[in-house]
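Here, each number is a calculation from the coordinates, and none is a lab measurement. Everything quoted here is computed from the prediction, not taken from an experiment. Every residue, glycine as well, gets a Cβ built from its backbone with ideal geometry; the counts of neighbours run over all protein chains shown.
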Amino acid sequence: MKRKLAMLGAVLPTILLADILTKRWALEALSALPGWSIPDFLGGYVPLTLAFNTGMAFGISIGNDPRWFFIPVASLALGLMVVLMVKARGDDYARTISLSLVIAGALGNLIDRVRWDRGVVDFIGPIDLGFMNWPIFNVADMAISCGAVLLAISFWMEERSLKRAEVKAAGAPEVGASS
């Protein structure tokens, strides 16, 4: 449990502080600019544009004031992440890091939803991928996305390990084992 708490103790404040400080910077710096944007940042590949997301991921809307939906849903999701963290093995670093990232990102966006009705502060993007524009996002969104991918990998690795153990216990040769 000490390892998990140490990981959470390192990741959570780092991501949360980075999210809060970059959102504060975006609110102050970008709101003073015409169009609330720096279109040529990083050569125009990653523009900075201040936006307020009152909806779900990618700006999907679910009504006039969805914050009263998202606050309890985010709180429940955070509770689930904490339960997963407690149940994770102490040596499962991928799971511990992924859950720490998701928890930190969820808290970062939850803070915005609780503090005002304007929505979550987003400011990175939109990024032209050639075939579509990637929606505007923030540091918390990056932590959630990276954490979710790492969490899926962790679950996949655990499932593979369990299947190998079942095969070994049954005495059958492992799939893909050479003769």
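Can you work out the Karplus-derived ³J(HN,Hα) for every residue in the stretch 131-147? Use 6.51 cos²θ - 1.76 cosθ + 1.60 with θ = phi - 60°, whole Hz, and x for glycine or proline.
Once rounded to whole Hz, the list reads 10, 6, 9, 6, x, 5, 9, 9, 4, 4, 4, 5, 5, 4, 5, 5, x.
Using a Cα-Cα cut-off of under 20 Å, which lysines could be cross-linked to LYS4, ignoring same-chain neighbours fewer than 8 residues away?
Those lysines meeting the cut-off are LYS87.
How many nm is it between the label spots at LYS168 and TRP68, if each spot is 7 Å from the Cα in line with the beta carbon?
5.5
Treat the count of other C-beta atoms within 10 Å as a stand-in for reagent exposure and order MET81, MET1 from fewest to most.
MET1, MET81
Using the beta-carbon distance between TRP134 and ALA29 and R0 = 22 Å, what value does 1/(1 + (r/R0)^6) give for FRET efficiency, to the nearest 0.05?
About 0.55, to the nearest 0.05.
Shape verdict for the stretch 1-95, please, from the Cα gyration tensor: rounded (a/c under 1.5), prolate (a/b greater than b/c) or oblate.
oblate
Under 8 Å for C-alpha pairs, at least 6 residues apart: give me the relative contact order for the chain, rounded to a whole percent.
Normalised by residue count, the contact order of the chain is 27 percent.
Among (i) 1.27; (ii) 1.04; (iii) 1.13, find the value of Cα Rg over 2.2 N^0.38 Å that was calculated from the structure presented, and write down its label.
(i)
Between ARG118 and TRP156, what length in nm is gained on full extension when 0.36 nm per residue of separation is reduced by their alpha carbon distance?
9.9 nm
Of the peptides 34-46, 123-135, 13-25, how do they stack up when ordered by the mean number of other Cβ atoms within 10 Å, highest first?
13-25, 123-135, 34-46
What is the stretch 1-101's relative contact order, in percent, from Cα pairs under 8 angstrom and six or more apart in sequence?
For the stretch 1-101, the relative contact order is 34 percent.
Tell me, in nm to one decimal, what length is gained between ALA6 and ALA77 on full extension, where the rule is 0.36 nm per residue of separation less the Cα-Cα distance?
23.4 nm
Working out 0.36 nm times the residue gap between LEU21 and VAL149, then minus their Cα-Cα distance, what length gain in nm do you get to one decimal?
43.6 nm
Which whole-number percent gives the relative contact order of the stretch 87-179, counting Cα pairs below 8 Å spaced six or more residues apart?
The normalised contact order for the stretch 87-179 reaches 31 percent.
Going by how many other Cβ atoms sit within 10 Å of their own, how do VAL102, VAL82, VAL120 line up, fewest first?
VAL82, VAL120, VAL102
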